[in-house]
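Enquirer: Please read through the structure below; I'll follow up with questions.
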Amino acid sequence: DAGVIQSPRHEVTEMGQEVTLRCKPISGHDYLFWYRQTMMRGLELLIYFNNNVPIDDSGMPEDRFSAKMPNASFSTLKIQPSEPRDSAVYFCATNRGGAEAFFGQGTRLTVV
Amino acid sequence: QKEVEQNSGPLSVPEGAIASLNCTYSDRGSQSFFWYRQYSGKSPELIMFIYSNGDKEDGRFTAQLNKASQYVSLLIRDSQPSDSATYLCAVDNNDMRFGAGTRLTVKP
């Protein structure tokens with residue numbers, strides 16, 4: 001398996017634009033997590049899914065953030081409209097419940 | 001709010017010394033505990049996992065878990081400069097939450 005695949009690796013966008021981050025999980029993993037990492041706040045859990053169903057989105061900072069998992073092979077995290085304070089590295093990770101989580105390479109988002 | 005707290009660091013030790021990293025968590029229902037290492041600009045990668053109270057050793061690494069005290073630690077023996085990284089504690093009750101990390105520097 002190729003591991004967790006995230007795209008794009010880098011994204012630079014202007015304030016107010018819509019940003020969509022993508023994640024392809026490892027086949028057979030039933031949990032998918034979206035994290036945001038900054039120097040100030042560390043690795044924050046934004047939302048996680050189990051069998052494509054959102055379980056806990058209490059970490060999503062604002063209504064500007066939304067996430068979907070339409071099938072077992074794909075998830076998106078969308079920010080609309082984006083703001084400079086959204087600049088961070090966004091990670092997707094997946095696992096079989098209770099086991100090691102495998103991370104994608106992350107998307108470095110810069111909002112100018 | 002479920003919390004995972006790590007000693008803030010940064011932590012600096014000389015080569016060959018023991019590095020001790022600590023973590024506490026608030027969710028008593030947590031079942032699985034992990035230590036990840038993250039090099040600058042890279043993704044976190046697993047070092048060790050522990051599920052039961054007590055010690056678990058893997059090479060130079062020892063993880064310790066005390067569920068009654070809601071405490072998990074990682075000891076790195078014979079620290080090497082290549083161990084210099086940020087160490088992340090993760091606590092899982094199907095929700096895989098991380099601490100803020102402790103930055104470790106091992107000086108030659």
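Please treat every number below as a calculation from the coordinates, not as lab data. Note that the structure is a prediction, hence the values are computed from the model and not measured. Don't worry about glycine lacking a Cβ; one is built from the backbone with ideal geometry, like all the others, and counts go over all protein chains shown.
Enquirer: Using a 7 Å offset from Cα along Cα-Cβ at B:S20, what residues in the range B:51-94 end up with backbone N under 17 Å from the label point?
Expert: Label zone hits: B:54-56, B:61-66, B:69-79.
Enquirer: Another question about this same structure. Looking only at other chains, what is the average number of their beta-carbon atoms within 10 angstrom of each beta-carbon in B:90-103? It would help to have the intermediate numbers written out before the result.
Expert: On the way: counts 5, 0, 7, 2, 9, 10, 14, 7, 9, 2, 7, 3, 0, 0.
Per-residue shielding by partner chains comes out at 5.
Enquirer: Using only the Cα atoms of the range A:12-53, what semi-axes does the equivalent ellipsoid have when each is the square root of 5 times a gyration tensor eigenvalue? Give whole Å, largest first.
Expert: 24, 15, 9
Enquirer: Continuing with the same structure: Going through the range B:70-108, which trypsin sites (Lys or Arg not before Pro) have at most 14 other Cβ atoms within 10 Å and a DSSP loop state? Spell out each step's value before the answer.
Expert: Numbers: sites: B:R77, B:R97, B:R103; in loops: B:R77.
Listed in order of number, the matching sites are B:R77.
Enquirer: Just to confirm my numbers, what's the Cα centroid distance between the range A:58-112 and the range B:1-53 in Å?
Expert: 22 Å
Enquirer: Be a star and scan the range A:72-92 for residues whose amide nitrogen sits under 15 Å from the point 7 Å along the Cα-to-Cβ vector of A:Q17.
Expert: Only A:79-88 pass the distance filter.
Enquirer: Among the GluC sites (Glu not before Pro) in the range A:1-93, which ones are in a DSSP loop with at most 14 other Cβ atoms within 10 Å of the Cβ? Mind listing them? Don't skip to the end; give the middle numbers.
Expert: Numbers: sites: A:E11, A:E14, A:E18, A:E44, A:E62; in loops: A:E14, A:E18, A:E62.
The qualifying sites are A:E14, A:E18, A:E62.
Enquirer: Given the Cα-Cα distance of A:K68 and A:N50 and 0.36 nm per residue of separation, how much length would full extension add, in nm?
Expert: Details: separation 18, 0.36 × 18 = 6.48 nm, distance 1.17 nm.
Here the segment from A:K68 to A:N50 would lengthen by 5.3 nm.
Enquirer: Within the protein assembly as shown, how many Lys pairs sit with Cα atoms under 19 Å apart, leaving out pairs fewer than 8 places apart on the same chain? Write down the numbers at each step before the final one.
Expert: Details: A:K24/A:K68; A:K24/A:K78; A:K24/B:K42; A:K68/A:K78; B:K2/B:K67; B:K56/B:K67.
Total qualifying Lys-Lys pairs in the protein assembly as shown comes to 6.
Enquirer: May I pose another question? With +1 assigned to the C-beta of every Lys and Arg and -1 to the C-beta of every Asp and Glu, and no other charges, what is the dipole magnitude of the range B:1-101 about the Cα centre in debye, to the nearest 20?
Expert: Details: 9 positive and 12 negative charges, 24 e Å.
That gives a dipole near 120 debye.
Enquirer: What do you get for trypsin sites (Lys or Arg not before Pro) in the range B:1-51 restricted to DSSP loop and a cutoff of at most 10 other Cβ within 10 Å of the site's Cβ? Write down the numbers at each step before the final one.
Expert: Working: sites: B:K2, B:R28, B:R37, B:K42; in loops: B:K2, B:R28, B:K42.
Taking the range B:1-51 and a limit of 10 other Cβ atoms within 10 Å, the loop trypsin sites (Lys or Arg not before Pro) found are B:R28.
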